[in-house]
Amino acid sequence: MNLQRTTLIISFLLIGLVQKGISQEVQPNILWILTDDQRYDSVKTFNQGIDGREMSELGYIESPEVDKLAAMGTTFVNTYCQATGCAPSRAAMHQGRYPFRSGVYEFEYHNNVAEHMKPSLPEQLVDLGYQTFHVGKLGYRLKGLRENGKTKPHKVYQTDINFRDIGKQGLTDYCAGGWWPEVEGLKFEKPITDITYFVGPDGEFEYVSKQLNERSQKHRKTAKKVTKKYDLLRHYKKGQVESIYKGMIISGVSPQPAGKTRDGYYAHFLNEYLVNENKPFQAGELKFKGVDPSKPVFAHIGFDFPHTPVLPPADFRERFQKHTYNIPEFSEKEFQDMAKQMKKQISYKSSYHFSKKEKQKMIQDYYAFCAYGDQLVGQAADDFIRYSEKHKQPWMIIYVCGDHGWKLNEHGGISKFTPWEWDSHNPMIVVSSDKKKFPAGKVVKDFTEFVDIAPTALHAAGADLQDDKFEYLDGLDLAEVVSDKAPVRDYIIGESHAVTGPRAYIRTKDYVLSLKTRPSKKEGVNMKWALSASWEDLDPALYSSKDDPKELHNLAFDKNYQEVAEKMKNKLLNIVLGDNRVEINWEKWGTGTKVFHSDFAPGFHDYKLKL
């Protein structure tokens, strides 16, 4: 009788799980590792899979830990991001939606109240029984709304260790931003808003701020001292004098040794969360509770490296300074033929005018920073696997090489924001305890996209992706890509509005085309403008990936490529403008909820494009 009753109870519980859309299989622990502004050529495995060589074309790199992950799992070498800016790219990953379906195109704050919004990936996983954890950079600017229409914080992860919160306690080597009504006992009527600070091995804070220097004699010489002490190179425009206060730090050395940098603390606190099972632990003065082994865990670590400031620890820097790198050359001819929007980005963050010594330092320190970060990726992965295997629990690691890429003088500039290869090509690796789903050492060359991350994690967690509640997802389950059950993409697509202005892109194995999509950023106005705009007004850029892999020669106005350009234009514009496009008046702080729809070409995004 007791046995029958127990069996009956278990049956009812399983029925309940199925009704909630949860598989009866044991749910794996999932770790999502994301880096920031990282180029694929900083990883040997990706170079081998894409370019057929181990080292970058620019020179020496190190990536033993990511290479180890690739050997343990499945590598998706032809993954592309959906937006080449931090915030919209991270929104695409967290929502599993293209920018033109979410309405998040650049750095706008947005809310979860607008009619088309759905719960983010970690929130969906909570509904599936997971506990969620995040440490480091998030960059997902989602807000809630109060009854009075004003924004309120929205907790995307149940446990969230914010990088600024730990940085202000000295658990970092560098931090920027914030609202400072007082600094070291000095109170100000008008808060300081331009502070960046360095933290040395002895815990001393060194504040760099023009506003602070004007109000405090004590800090007046700090910026100059810090620039020399840490050998800082800041970005400066042609004809300008390099500033000691502002401009991205693209070269320098960390004040802290390896392990004590921002990224080092992120890896440390992930491990603290995992080893302090059901116990409190502290991040400085902040208190958190450790993992509950009775529930599956979804952990996300957002590393800052190699995003500016590029500050590798001294030992890594010294090692990489022994190597001389090939500096990408800049062509005036390329600049003349360049699309106006892309030319705008290069003008905004040009580097062709740097001295040879400055360019060399910039490249050396970038790859040194990537090598240091590689070590931390390995540490985080090892700690996570150790925890899972200790409890005999299945596990999965999703590693993403950059939320987008970065230029190192390619096309005459640095930074991101364009559809060029170096800004948009970001391979992924999935490692799983289930080797049937993600075989060790397998390399997938089919196109994959950042919108695939959410459905992959959700399906692994037991979600029924055929359920109507997941209909909004734009991506594919990578396990089905591996098993050849998913559609094969002829192209990838994306759209980004930051810096360049509204611009969308479509890439096949042979060509990449990008176009201006909107006459302005005014939401809901002239949404179909690009359909009737002239070819010149669309500001086109077309490159042949086969004949011109460095994407130097714009073929958009070459008559020999007119047919290719027309087919790609029609496909791209019908998808991003007419296949369930949304634009939202988010307003300044994300309080707006007015949604504008454009759906004149439903179903046009079918993965098929024959050229």
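General observations
- Sorting the segments 118-127, 177-186 by their mean number of nearby beta carbons within 10 angstrom, highest to lowest, gives 118-127, 177-186.
- Here the extension length gained between His323 and Arg164 equals 53.8 nm, from 0.36 nm per residue of separation less the Cα-Cα distance.
- Diffusion coefficient, µm² s⁻¹, Stokes-Einstein with Kirkwood Rh over alpha-carbon pairs of segment 381-460 at 20 °C and 1.002 mPa s: 144 µm²/s
- For Glu358, the shell of other residues with beta-carbons less than 13 Å away shows a net charge of +3, using +1 for Lys and Arg and -1 for Asp and Glu.
- Each other residue within a Cβ distance under 11 Å of Met55 adds +1 if Lys or Arg and -1 if Asp or Glu, for a net charge of -3.
- Highest to lowest packing among 302-308, 434-440, scored as the average C-beta count within 10 Å: 302-308, 434-440
- In segment 211-302, a dipole from Cβ-located charges (positive for Lys and Arg, negative for Asp and Glu) runs towards its positive end, and of Phe288, Gln256, Val241 it is Val241 whose Cα lies farthest in that direction.
- For the chain: relative contact order, % (alpha-carbon pairs under 8 angstrom, 6 or more apart): 23 percent
- Loop-located GluC sites (Glu not before Pro) in segment 504-592 (DSSP state other than H, G, I, E, B) with a sparse environment of at most 11 neighbouring Cβ atoms within 10 Å: Glu536.
- In the chain, the convex hull through the Cα atoms has an average projected area of 29.3 nm², a quarter of its surface area.
- The dipole here belongs to the chain: it is taken about the Cα centre, uses +1 on the Cβ of Lys and Arg and -1 on the Cβ of Asp and Glu, and is about 1420 debye.
- Per-peptide packing, taken as the mean over residues of other Cβ atoms within 10 Å, places 392-404, 456-468 in the sequence 392-404, 456-468 from highest down.
- Size of electric dipole in segment 492-598: Cβ of Lys, Arg +1 and of Asp, Glu -1, about Cα centre, debye, nearest 20: 300 debye
- Between the residues Gly578, Pro549, Ala565, the greatest Cα displacement towards the positive end of the dipole of segment 525-611, with unit charges on the Cβ of Lys, Arg, Asp and Glu, is found for Gly578.
Each reported figure results from applying straightforward, stated rules to the coordinates on display, with no laboratory input. Here the structure is a predicted model, which means the values were calculated and not measured. Every residue, glycine among them, receives a Cβ derived from its backbone with ideal geometry; neighbour counts consider all protein chains shown.
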